[in-house]
Amino acid sequence: MPRNVRSKELNRFNRRAKRFVLEITLKLNIENMELLKVTKSGSLHFKLSDGRLGVSYSSGYVRVSTKYSHSRLYQINKQKFEDITQPYLRVERVLIPLQRDRLNHLINFNNKNCK
């Protein structure tokens with residue numbers, strides 16, 4: 001694929017992603033989160049209200065950084081335990097397939113934990 005065609009597709013994708021985030025922002029009245037960037041793979045990077053970094057990946061994961069360092073991200077997806085007798089032996093993260101559900105999860109995390 002020629003380089004200029006790929007860059008046009010990426011620009012079109014970034015515009016669609018930003019428009020989608022803007023629509024969600026207006027619908028949910030989000031004022032304390034700011035979209036920082038959209039990567040080539042479609043992950044959305046947000047600045048949360050307390051300065052942390054929140055990322056919604058197209059693979060289904062949602063991650064948040066610590067308050068004072070953006071170099072380490074932690075998953076905030078729900079956990080599914082396979083063995084109840086030893087709960088932390090096998091832990092799976094429940095993936096969130098839809099972008100709007102991942103954004104809702106990140107917004108709920110921001111409202112609940114970021115002051």
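The values are calculated or read from the model by the stated rules, or taken from the named source; none is laboratory data. Bear in mind the structure is a predicted one, so any value in this text is a computation, not a measurement. Note: ideal-geometry Cβ built from the backbone for every residue, glycine included; neighbour counts use all protein chains shown.
Mind checking whether some residue in the range 77-92 is closer than 25 Å to Phe20 by Cα and touching a helix residue (DSSP H, G or I) at 6+ places or on another chain (Cβ under 7 Å)?
No, that holds for no residue.
Could you list, in sequence order, all residues of the range 99-115 that are at pLDDT below 90 and of a type in the set (A, V, I, L, M)?
Leu103, Ile107
Report, by residue number, each residue of the range 70-88 that is surrounded by 13 or more Cβ atoms within 10 Å (Cβ to Cβ), part of a loop (DSSP other than H, G, I, E, B) and at pLDDT 90 or above.
Matches in the range 70-88: Ile76, Asn77.
Of everything in the range 89-115 that's exposed (fewer than 11 other Cβ atoms within 10 Å of the Cβ) and more than 15 Å from the chain's Cα centre (by Cα), which residue is nearest to Val62 (Cα to Cα)?
Applying the filter and picking the extreme gives Lys112.
Give the residues of the range 89-113 that are of a type in the set (D, E, K, R) and assigned to a helix (DSSP H, G or I), sorted by residue number. Spell out the reasoning first.
Restricting attention to the range 89-113, the residues satisfying the condition of being of a type in the set (D, E, K, R) are 90, 92-93, 100-102, 112.
Within the range 89-113, Arg100, Asp101, Arg102, Lys112 qualify.
Restricting attention to the range 38-69, which residues are surrounded by 11 or more Cβ atoms within 10 Å (Cβ to Cβ) and charged (D, E, K, R)?
Of everything in the range 38-69, those that are surrounded by 11 or more Cβ atoms within 10 Å (Cβ to Cβ) and charged (D, E, K, R) turn out to be Lys47, Asp50, Arg52, Arg63, Lys67.
Could you grab me the full set of residues in the range 30-69 that are at pLDDT below 90, among the aliphatic types (A, V, I, L, M) and either part of a loop (DSSP other than H, G, I, E, B) or in contact with a His (Cβ under 6 Å, 6 or more places away or on another chain) (or both)?
Passing the criteria: Ile30, Met33, Leu36.
Looking only at the range 89-108, decide whether some residue is of a type in the set (Val, Ile, Thr), more than 11 Å from Leu53 (Cα to Cα) and without any contact (Cβ under 8 Å) to a residue 12 or more places away in the chain. Quick ask: steps written out before the conclusion?
Restricting attention to the range 89-108, the residues satisfying the condition of being of a type in the set (Val, Ile, Thr) are 91, 94, 96, 107.
Narrowing the set further to residues that are more than 11 Å from Leu53 (Cα to Cα) leaves 91, 94, 96, 107.
From the residues that got through so far, the ones that are without any contact (Cβ under 8 Å) to a residue 12 or more places away in the chain too are none.
So far as the range 89-108 goes, no, none of its residues is of a type in the set (Val, Ile, Thr), more than 11 Å from Leu53 (Cα to Cα) and without any contact (Cβ under 8 Å) to a residue 12 or more places away in the chain.
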